[in-house]
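Asks: Next up is a structure, given as structure tokens.
The values are calculated or read from the model by the stated rules, or taken from the named source; none is laboratory data. The structure displayed is predicted, hence computed values, not measured ones. With ideal geometry, Cβ positions are generated from the backbone for all residues, glycine too; neighbour counts draw on all protein chains shown.
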Amino acid sequence: MGVSQGEGYRAGLEVEILCDDRNIVRRFTRQDGSADWRVYGTWSHGDVAEVSPASAPLRAICFIEKAAENTLIPLQDGKEINRRLLACVIKPFVTADWWNKTLDVIEALGREIPCYVMRFDKSGAIVTELIQLAGSAEKQAAS
């Protein structure tokens, strides 16, 4: 989850852009069996050259769509979530073993991290929705 630098500054937020194109997601298993997901920035950026190799807890995934309205729509259908996540995977030299591991990660990610369709225009009004989402995600993570 994140906002662009321009949107963040307008909303009075301090933001760090991990990457506007390709990110890395990793799952860490705690000793009690629960999982933590983190998202990492990469050097492979899109339009924004100021990116960071830092990481942050992954609390939600937003699939972006340009629209006339600004809204976050929760996704509930596991098949739709898996289909959307699979479209985001960078595919290296593919083997059957790689596919099996990747599909396992996608299924776990879709089950454990809330996913949303984020419909937005260029007004920056979506930032309010993202701030609310981030606040509720932090509260859930703390409990």
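Asks: Would you point out the residue of segment 1-39, among those that are under 15 Å from the mean Cα position of the chain (by Cα) and at pLDDT 90 or above, that is nearest to residue 114 (Cα to Cα)?
Replies: Going through the qualifying residues, I end up with 37.
Asks: Here's a follow-up. Could you please give the count of residues in segment 113-129 that are crowded, with 19+ Cβ neighbours inside 10 Å, within 22 Å of residue 26 (Cα to Cα) and aliphatic (A, V, I, L, M)?
Replies: Summing the residues that are crowded, with 19+ Cβ neighbours inside 10 Å, within 22 Å of residue 26 (Cα to Cα) and aliphatic (A, V, I, L, M) in segment 113-129 gives 1.
Asks: Something else about it: Return yes when residue 126 is under 17 Å from residue 59 (Cα atoms) and of a type in the set (A, V, I, L, M) and no when it is not.
Replies: Values: under 17 Å from residue 59 (Cα atoms): no; of a type in the set (A, V, I, L, M): yes.
No.
Asks: Applying the selection to segment 31-90, what residues are basic (Lys, Arg) and either crowded, with 16+ Cβ neighbours inside 10 Å or touching a helix residue (DSSP H, G or I) at 6+ places or on another chain (Cβ under 6 Å) (or both)? Working first, answer last.
Replies: If we filter segment 31-90 for residues that are basic (Lys, Arg), which is where we start, we get 38, 59, 66, 79, 83-84.
If the condition is that a residue be basic (Lys, Arg) and either crowded, with 16+ Cβ neighbours inside 10 Å or touching a helix residue (DSSP H, G or I) at 6+ places or on another chain (Cβ under 6 Å) (or both), then 59, 84 are the ones that fit.
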